[in-house]
Each structure stands twice: as C-alpha cells, then as structure tokens.
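Trainee: Input: one structure, supplied below.
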Amino acid sequence: MRTFLAALALAVALVVGVLGFRGDLKRQPPLEIFPDMKRQMKLRPQATAAFFGDGRSSREFVPGTVARSTPLKVGDQLVYPFEDAPVNTGRLPGTTTNFIDAIPLPVTEEFMARGQQRFEINCLPCHGPLADGKGVTSKFGLAIVGNLHDKRIVTMPDGEIFNTITHGKNLMQGYGANVAVPDRWAVVAYLRALQRSRLGTLDEVPAEKRAGLK
Amino acid sequence: MSDVFPKWTNQLPLKILIGAGLVGSAVVAGAWYYLTPKYARVGYQPLQPVAFSHAIHADQLGMDCRYCHNAVEKSWYSNIPAAGTCMNCHNQVLKDDPRLALVRESAASGKPIPWVQIHKVPDFVYFNHSVHVGRGISCVECHGPIHKMDEVRHAKELSMTFCLDCHRHPAAKIRPLDKVTQLDWKWSQDPKENERLQKLHGEKMVADWKVESLESCSACHR
C-alpha cells in the first residue's frame, strides 16, 4: 500500500510538474486534441493562404475594379466612393489645386461629436488635445508636428485640410485608409471649432456663459 | 490444512477499492483541471516577431485602441494594423532602432509582418466585434488588461460558457459607449459603490438600448 501511495503521489507530482498550473506562461499554441470542425477550409482575414502567390488571405484590389459600396448622400445627390467628387477628394472635379471652401456635409451637433471622437483617436497622439502640436509623442522625438492654430492652416480651405488628412504632408503620412470620408470631414469641422475657440473674442460668447470663462 | 489464501489477502479487496478510488479521483481531478480552455488557452503568450508593447503605446502614450485596430467598430474582425500605421510615428521615433527593422522593411516592401495570432475561436463560431463594441462591451471583458501587457497574453478562456455567462446577463458588464476602449475605466474607485452603480446603470442601459439576451445556438453557430 505504501509503495502504491508513493507511486500515486509521484505520478501526480510528475503530471503537475510537466503540465504546470492554469494560467502559466505558454509559448506553444493551445493543443486541439479533437480537431472536429475547429479548423475548416475557409479563409480568415489576415491569415496565411498557400493558394495565393503572396501567401495572404486578405486580397488587394484587382486593378481597374471598385469595391461594392454604399453611396454617400451629399445634398440630394448620391456619391459613390470611387467618383471624382468634391466630397471624396476635397477639390473641384478634374482639378488638382482648386480646393473647396466649405464642408460639403451638413454640420450637426452629432457630426461635431463624431469629429471630436475621431480627432481624439487619430490626431491627438501627435497634434495634442488642443491641436497645438504638443501631443505626447513630442516628448519622444516627434518634434516637428504642425501647430494647427497657425495662420496658414486657419486660412486654408476646408478641402485642403481634408486632402492633407487623406494623403498626408511632409513627414505626416496619410490617414485616408484609417478614417472614412465622412469622418474626415467631421474631423475638419471639429478642428475648425478648436481654431475658433482660440480666435474667438469675449463678445462672441453668450452673455450668460461669460462668467464661467474667467 | 493450510490456508489457500495467506492472511494478508483479507484486506486486499478493501485496498483495491481504495486504490481504484484514489486513482479514479486523481484522473477526474486532472481532467477537470487540465482539459478545459481555462488551462489550455489562458496564459498563451507567443513570441512575436517585433517586441511591440501595448503597455507603452496604449497606456503610456494613451493611444486609443482604434488608432490601430480601426476596423473593430464596423466589422466582425478586429484588424492588426499594417506596418504603415506604425510608420506614422516610427518614421521619426526610434527611426533606426534595430527592434523595428522588420516594421521598416514591411512598410517599404509591403510584405506583411508575421504576427502570431493569439485569440482564435473555432471556425464554427461566428464571433462579431462590432456588435459587442457597439453595445458597450469593453475589450477588457474578453481580452483582459491589454493596456498593461508588454506582450499580449491570452487572459480569458473564451469558452462557450464564458460567452453565455455574459449573454445571459449583459447588465453586469455593459458600460457607456465612449468608455469601451478605456480599459481601466470604472463607475467608481470604491468596489462596493462600483457594483451598485453597475447594477443601476447596467439594467437601465440594457432596457434603453433594448439589448437582447442571446442564447439561441444560431446566434453564434450558423
């Protein structure tokens, strides 16, 4: 009996020794002992796929094709993302520098709130919460971030700011792939609000709110 | 006449019974402890090709999850960012650092960085990020405190019970929509008060937003 108990204790110690405890660090992927239908022949996004030459399951656009898309409502027109329209490019159709002056979408309170949210996600790390170019990254070597309260940017047409968000400028890379078209316009609207907040005078503040400012 | 069985065999049946009982319990306990995603998945922390740290980027720099995982709100799938997203900053920050060599190479050539996928449900489960994120379920409920991790670690078991526990009673986990990506956000720092407010607001939000309690198999298996 004693040898049996000793053997059992040894076996338990061995199993615990080899397998460890729940939550231990593991470098190997979890074992799937009965695979059943856990891994099927379908492709997941961003996975490897031997079928394609470059080994990627997520495909790039075939040149000359457009994605299925929902058009954007601009005024009473429907504009598709592939069209050369001011709402998609920020400029007049067929030109390269004629930027439009105003945001082509209705600026509502909801739109502004969306703009603030998108600004805080995408722009804040570098440009800072007040858009003065003092984001957290300025402490880590990103020294030349534009101050968006510059006169140059305040007087820039809305379309050109949209274009800069889309394609980037100088060291800033484009955010066209990360921020959808209406969201980019919303960011422009929010940025205008931030700029106004610096340029505004006390006379523009409604009388009942003035006391809170001093 | 001598005994057919020596005397010590009198105790044998009892000993065999006890022995079998002990071995049986050990096997059951072992299976209970080990044959579950709580053991198999929790703690999985593969070595990644680039030593990317969520603690630095999400916590210290205060970046929002959606800066990088920008599809999480509109798609079932939460994407891993392309190397171009990293280069937004790393074309200036740590510009020539050897740890980022692979990122620079990938951004230049378009060849993807071979990140190792950590969280992965079986192919017969149709999980969806956008529903959860759009209904006030925070990343932290399913991924743990990612913003404190230098290397991402599988923190929750993601088993079917895990999903159903919340689906049966979402009010216990739901939070305001603008706090979904603030992983350490709480109603209140005091645990008791936090629980009370969670119950109060949770039930109200579930009622206001008409959040369903999805338990039918076809919600997740199609």
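Trainee: Starting at the first residue of the stretch B:81-95, write each ³J(HN,Hα) from the Karplus equation 6.51 cos²θ - 1.76 cosθ + 1.60 with θ = phi - 60°, in whole Hz, x for Gly and Pro.
Mentor: These are the phi-based 3J(HN,Hα) values: x, 6, 4, x, 5, 5, 6, 3, 9, 7, 6, 10, 7, 6, 4 Hz.
Trainee: Calculate for chain B the 222 nm mean residue ellipticity that helices alone would give, adding -39,500 (n - 2.57) per DSSP H run of length 4 or more and normalising by residue count, nearest 500 deg cm²/dmol.
Mentor: Taking each H run of at least 4 residues, the total per residue is -11500 deg cm²/dmol.
Trainee: Turning to a different aspect of this structure: Sorting check: for A:68-81, A:110-123, A:169-182, which peptide has the highest mean count of neighbouring beta carbons within 10 Å, and how do the rest follow?
Mentor: With the highest mean Cβ count within 10 Å placed first, the list reads A:110-123, A:169-182, A:68-81.
Trainee: Can I ask one more? Considering Cα pairs under 8 angstrom that are at least six residues apart, work out the relative contact order of the stretch A:106-202 and quote it in whole percent.
Mentor: 33 percent
Trainee: Counting only other chains, what is the mean number of Cβ atoms within 10 angstrom of the Cβ of each residue in peptide B:84-94?
Mentor: Rounded to a whole number, the mean comes out at 5.
Trainee: Using amide H atoms built in the peptide plane, which far-off residues or other-chain residues are under 5 Å from A:Lys26 H to H?
Mentor: Here the answer is B:Tyr44, B:Gln45, since their amide H atoms fall under 5 Å of that of A:Lys26.
Trainee: Could you tell me the relative contact order of chain B? Use alpha-carbon pairs under 8 Å, at least six residues apart, and round to a whole percent.
Mentor: It comes to 23 percent, rounded to a whole number.
Trainee: Let me know the mean shielding of B:64-73 by other chains, meaning the per-residue number of their Cβ atoms within 10 Å of its Cβ.
Mentor: Mean shielding by partner chains, rounded to a whole number: 3.
Trainee: Here's something else I'd like to know. Near B:Lys199, which lysines are there with a Cα under 29 Å away, not counting those fewer than 8 places off in the same chain?
Mentor: By straight Cα distance, B:Lys199 reaches B:Lys38, B:Lys74, B:Lys148, B:Lys156, B:Lys173, B:Lys179, B:Lys186, B:Lys210.
Trainee: If you don't mind, another one. Find the Cα radius of gyration of the stretch B:120-220, compare it with 2.2 N^0.38 Å by division, and give the number to two decimals.
Mentor: Here the Cα radius of gyration is 1.10 times the empirical estimate.
Trainee: Counting Lys and Arg as +1 and Asp and Glu as -1, what is the net charge of the other residues whose Cβ lies under 14 Å from the Cβ of A:Val16?
Mentor: With Lys, Arg at +1 and Asp, Glu at -1, the net is 0.
Trainee: From the backbone phi of the stretch A:22-28, what are the Karplus-calculated ³J(HN,Hα) couplings (6.51 cos²θ - 1.76 cosθ + 1.60, θ = phi - 60°) in whole Hz, Gly and Pro given as x?
Mentor: After applying 6.51 cos²θ - 1.76 cosθ + 1.60, I find 4, x, 5, 5, 10, 8, 8 Hz.
Trainee: Peptides B:168-181, A:91-104: what's the order by average Cβ count within 10 Å, highest mean first?
Mentor: B:168-181, A:91-104
Trainee: Per residue of A:25-36, count partner chain C-beta atoms within 10 Å of its C-beta, then hand back the mean as an integer.
Mentor: If you average over the peptide's residues, the count of other-chain Cβ atoms is 4.
Only the coordinates and a few stated rules stand behind these numbers; no lab work does. Treat the numbers as computed from the prediction; the structure is a model and nothing was measured. Don't worry about glycine lacking a Cβ; one is built from the backbone with ideal geometry, like all the others, and counts go over all protein chains shown.
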